[in-house]
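The values are calculated or read from the model by the stated rules, or taken from the named source; none is laboratory data. Not measured: the values here are computed from a predicted model. Counting neighbours? That spans all protein chains shown, and the Cβs are built from the backbone with ideal geometry, glycine included. All accessible areas refer to the heavy atoms of the entire protein, side chains included, with ligands and DNA or RNA removed. Shrake-Rupley method; radii C 1.70, N 1.55, O 1.52, S 1.80 Å.
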Amino acid sequence: MNKYLVPLLVLLVVVAGCTSSKTKSDKAAGTTDAQPGAVSSGVASQPSTGMDALTDPSNPLYNLLQERVIYFEYNESEIQEQYRAVIEAHATYLSQNPQTTVTLEGHADERGSREYNLALGERRAMAVEQQLTVLGVAASQIRTVSYGEERPISAGHDESSWGLNRRVEIIY
Amino acid sequence: MKRLLLLLLLMSHIAIAEDALNIIIDEGVEGALPIAVIPFGWNQDTLEPVDMALTITNDLARSGRFVPMKERDLPQRPNQFDQINFKDWRLLGMENLVIGNLVQTGVGTYEVEFRLVNTFNGRQLAGFRIPAPITQLRRTAHRISDIIFEKLTGVRGAFDTRIAYITVKEMGQNKKQYNLLIADADGFNPQVLLSSQEPLLSPAWSPDGKRIAYVSFESRNSAIWVQDILTGARTRVAGNKGINSAPAWSPDGTRLAMTLSKDGNPDIYIMHLATHTTQQLTFNRAIDTEPVWAVDGSKIAFTSDRGGSAQIYESSAIGGEARRLTFEGNYNARPRYSPDGKAMTMVSSRNDGRYRIAYLELSSGYSSILTNTNLDESPSFAPNGSMIIYATATRTGSELAAVSADGTVHQRLAMQGGEVREPAWGPFLSP
Amino acid sequence: MQRSGTSFKSVFLSILLHLGAAALLIVSIDMNTRTLRQSHPEVVQAVIVDSKEVEKELQKLQEIDKQKQKKQEEAEQKLKEAEQQLAAAKQQRKQEEIKVTEAKKKQELEQKKREEEQNKLADIKKQQEEVKKKQLTEEAERKREEQDAAKQKQLAEKQKADAAAQAQLDQQFKNNFSAEIGRRVSNNFNISGLPPGLKCVISVRLIPGGEILNVSIKQSSGNEIFDNRALVAVQKTSPLPVPLDTATFERLGLRQFSFTFIP
């Protein structure tokens, strides 16, 4: 029993930490909300270039916008913290370009049944879609599709391949 | 009179002796039945159009229930009953013998005659003469296999049936070709029903074996199509936003159960094919997918992760509370009922990272793993319930395999065409 | 001679009588016998002794006469007297002889009577002996029969014991045989795909040596495939490992027996 008690307590602390950090990050999100605004104003301040953030390497968002794949844990559709900045960048871009549409392609690794994986891929795509809409992107700009395990990036039957295949692709 | 007396005496002796010893045989062995299929006689000098004996031999061997004698080991090659040297066969312990003849009766017309003989009592267990055009010769061989199978196992044979499956070919430049095919159960006579550059999946036979429903991504999203096998005519029956997948025919062929996420979450719906109207069966926020109808049409089983992991549930076909059926392992998905409705096969993982084919006995809830591979999928019962066909990952892709419902017999089915997946065993062709 | 003969005869007779009557009247017969022996020899002895002494006296007198003339008359007188005495003796002897004859006659009569008695006794004895012999024979026979019966009984018991031992051996063999055959037939009995709960009885007929002559279904399971698998299982086991000698084969009832298939 004690064997589990300690990890459980740790878990509780972590959860608590997460909750507080989430509250914090919510605040932070508020600040970041201001930042994209600043960025967007920045974008707006440089309209004369005519260059799109997706193609203009000098754009501060450019590097983040090149990141177009969100990877997932096995059988999970929760977006990991490390992709927050990427998703925020795409949200900013899409908000600034309301005419632009994006396709979110959800994928799964080959394990399990195809139809379940199709649903899992969709769930991942919808997780990203939800983040974008929360960050202000209009639902009409987003299209989701799931290919399940039908379009793997890597054909191997190992963890490294599966890790690459569990993903949502952001396609402009 | 004397003779009669002697006979009576003998009989009384026998009557007394009869009870002298009675040996109880309370166990037996599980194993394939020996059988010898003699190359059929052929009345022409030309090469025979179909090797009947070989086709039958392969059928019986593939079932796992028979171990046909190798052709080179045959002690004799009779084509007629009175040519059989019974003693030779008995000495070899070969109790079942199939002999026959292929006779060309006209241009493109043939007659196949065969006998199934028990060499120990010299009796004919079955014997038929079947006229057939050249195009039906192979099918005739499968029908003979069916008769033999039923005569010796008591179970209707499923050789004269077909399977549907998907193949994927690398076309270069990151392009692939997806094919939906049907073939005889032995893999011969493959016919491509549909080719696409976009994924095809989930082929499902209509109960009458005349149509196939499947999922195609040709419109850049999943959509459910129904295609007539003979004419090739196809109809898109579901192409909503989100997922349109996992079609499953009702036993009467009038409805399709399917998975739609048009309302934001994958749930089970039932579509009336005559009107294309749908009614929603499940309303859970979890993934509900892979529906399948019970044999009597009263229930629908499906995969759901409503309990935290993918497990199999069953609900009435008209909706209502779902009952969880699987409790072993962290993953159970894609159920298929056995033809007698007493069991189910599915993909199962037992916390070991392996995804294998399992067999679930519905009355007891007892389940067992049938395969020993790591990545298996799409199990499908033969219409006689004896075998389960499925796909299993190989180093280079995937191939078809079959396992007996009791897990004792394993077969690999070598098919042409690279990656082969999602087999679906069709219904009996003849009623 | 005569005396001893008579004595022998009488003794013999007495013995015979004694023996013969022993079983009947021991005391009385003993007395009679003694009487007979005493009276008769006394008579004969007295006569013979007297006559000899007289003759001796006469001779003595004649010698004295020669020597002593004086005494002649006396002697003649004495002679006369002696003659008279002799005559008297003669007469007496005659009478004695008559007596003897009579006695002899009587004796003979008695002898005859005795003989008759003896014969009678002998007959009785013979009869008795025959009875006894018969009894003895019967006894012996009975004894022999008893002995025979005992022997027979012993033999039977031994046979029984032997049979029991043999039966035990036979049973042991049967058990081993059943187990071995059961194992072989089971190994040939393919139950793949057969429904549970079926039972059939197969009758098998062998020839000495174990070759199966014929198998038949004595009781069907109702499932043709089950029955056929059972038949083949038995047939495939031919020849069965039966005892090599035909007598044992027959005794064990291996010419025909049955298998009950109830997997």
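Counting only protein heavy atoms, what percent of the accessible surface of the range C:189-261 is carbon or sulfur at a 1.4 Å probe? Before the final figure, lay out each step's value.
Numbers: 1520 of 2860 Å².
Answer for the range C:189-261 is 53 percent, counting heavy atoms of protein chains only.
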Q | Normalised alpha carbon radius of gyration of the range C:198-247 [divisor 2.2 N^0.38 Å] | A | 1.26
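Nearest 100 Å², what total accessible surface is buried between chain B and chain C (probe 1.4 Å)?
2800 Å²
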Q: At 1.4 Å probe size, with no ligands or nucleic acids counted, give the accessible surface of B:V29 in Å², nearest ten.
A: 50 Å²
Q: Run the accessible area of chain B with a 1.4 Å probe and give the carbon-and-sulfur part as a rounded percent.
A: 50 percent
Q. Assuming R0 = 41 Å, what is the FRET efficiency of B:D208 and C:I207, from their Cβ-Cβ distance, to the nearest 0.05?
A. 0.10
Q: Starting from the residue with the highest accessible area, list B:D88, B:D208 in decreasing order, probe 1.4 Å.
A: B:D208, B:D88
Q: Pull out a ≥ b ≥ c, the square roots of the eigenvalues of the alpha-carbon gyration tensor of the range B:20-170, then state rounded if a/c is under 1.5, prolate if not and a/b is larger than b/c, and oblate in the remaining case.
A: oblate
Q | Cut-off under 5 Å, modelled amide H: who pairs with A:E149 long-range | A | A:A108, A:L118
Q.
Can you give me the distance in nm between label points at B:N374 and C:E116, each placed 7 Å from the Cα along the Cα-to-Cβ direction?
A. 14.2 nm
Q) Within a Cβ distance under 13 Å of A:R143, other residues only, what is the Lys/Arg minus Asp/Glu net charge? A) -2
Q: Quick one: which residues, 5 or more positions from B:K299 or on another chain, have an amide H under 5 Å from its amide H? H modelled 1.01 Å from N in the peptide plane, none for Pro or chain starts.
A: B:A294, B:A317
Q | Candidates per GluC sites (Glu not before Pro) in the range C:157-263, loop by DSSP, up to 14 other Cβ within 10 Å | A | C:E211
Q: Mind grabbing the accessible area of A:T103 for me, 1.4 Å probe, Å², rounded to tens?
A: 30 Å²
Q: Give the ranking of B:S63, C:S238 by solvent-accessible surface, highest area first, calculated with a 1.4 Å probe.
A: C:S238, B:S63
Q: Give the percent of DSSP beta bridges with both residues in the range A:49-171 that are antiparallel, rounded to the nearest 5.
A: 55 percent
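Assigning unit charges at the beta carbon (Lys, Arg +1; Asp, Glu -1) and nothing else, what dipole magnitude in debye, to the nearest 20, does the range B:33-153 show about its Cα centre?
300 debye
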Q.
Quick check: pseudo-label points 7 Å beyond the Cα along Cα→Cβ at B:Q411 and B:A126, how many nm apart are they?
A. 1.5 nm
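Sum up the charges of everything whose Cβ sits under 14 Å from the Cβ of C:C200, counting Lys and Arg as +1 and Asp and Glu as -1, but leave C:C200 out.
Its environment carries a net charge of 0.
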Q: Keeping every protein chain in place, order B:H272, A:H90 by accessible area at 1.4 Å, biggest value first, i.e. largest first.
A: B:H272, A:H90
Q. Ignoring ligands, DNA and RNA, how much accessible area is buried between chains B and A, both sides summed, with a 1.4 Å probe, to the nearest 100 Å²?
A. 2600 Å²
Q: Give the range of the longest stretch in chain B that excludes all trypsin sites (Lys or Arg not before Pro) found in loop regions by DSSP and having at most 10 other beta-carbon atoms within 10 Å.
A: B:71-284
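Enumerate by residue number the chymotrypsin sites (Phe, Trp or Tyr not before Pro) in the range B:112-195 meeting two conditions: DSSP loop (anything except H, G, I, E, B), and at most 16 other Cβ atoms within 10 Å of the site's Cβ. Walk me through the numbers before you get to the answer.
Details: sites: B:F114, B:F120, B:F128, B:F149, B:F159, B:Y165, B:Y178, B:F188; in loops: B:F120, B:F159, B:F188.
Listed in order of number, the matching sites are B:F188.
Explain nothing, just the number: dipole magnitude of chain B about its Cα centre with +1 on each Lys and Arg Cβ and -1 on each Asp and Glu Cβ, in debye rounded to the nearest 20.
Using Cβ point charges on Lys, Arg, Asp and Glu, chain B gives about 560 debye.
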Q) So how much accessible area does A:M126 have, in Å² to the nearest 10, using a 1.4 Å probe? A) 60 Å²
Q: Place a +1 charge on the Cβ of each Lys and Arg in the range C:156-203 and a -1 charge on the Cβ of each Asp and Glu, then give the dipole magnitude about the Cα centre in debye, rounded to the nearest 20.
A: 160 debye
Q. If contacts are Cα pairs under 8 angstrom and at least 6 residues apart, what is the relative contact order of chain B in percent?
A. 9 percent
Q: Could you check the simple spin-label distance between B:N189 and B:R72, using points 7 Å along Cα→Cβ, in nm with one decimal?
A: 3.2 nm
**Q.** Charge tally in the Cβ shell below 12 Å around A:A89, where Lys, Arg are +1 and Asp, Glu are -1, A:A89 excluded
**A.** 0
Q. For the modelled label position 7 Å from the Cα of B:Q44 along Cα-to-Cβ, which residues of the range B:132-170 have backbone nitrogen atoms closer than 15 Å?
A. B:132-138
Q: Report the trypsin sites (Lys or Arg not before Pro) located in the range C:200-257 that are in a DSSP loop and have at most 11 other Cβ atoms inside 10 Å of their Cβ, or state none.
A: none
Q. Which ³J(HN,Hα) values in Hz, rounded to whole numbers, follow from the phi angles of the range C:248-259 under the Karplus curve 6.51 cos²θ - 1.76 cosθ + 1.60, where θ = phi - 60° and Gly and Pro get x?
A. 4, 3, 6, 4, 6, x, 8, 5, 8, 8, 9, 10
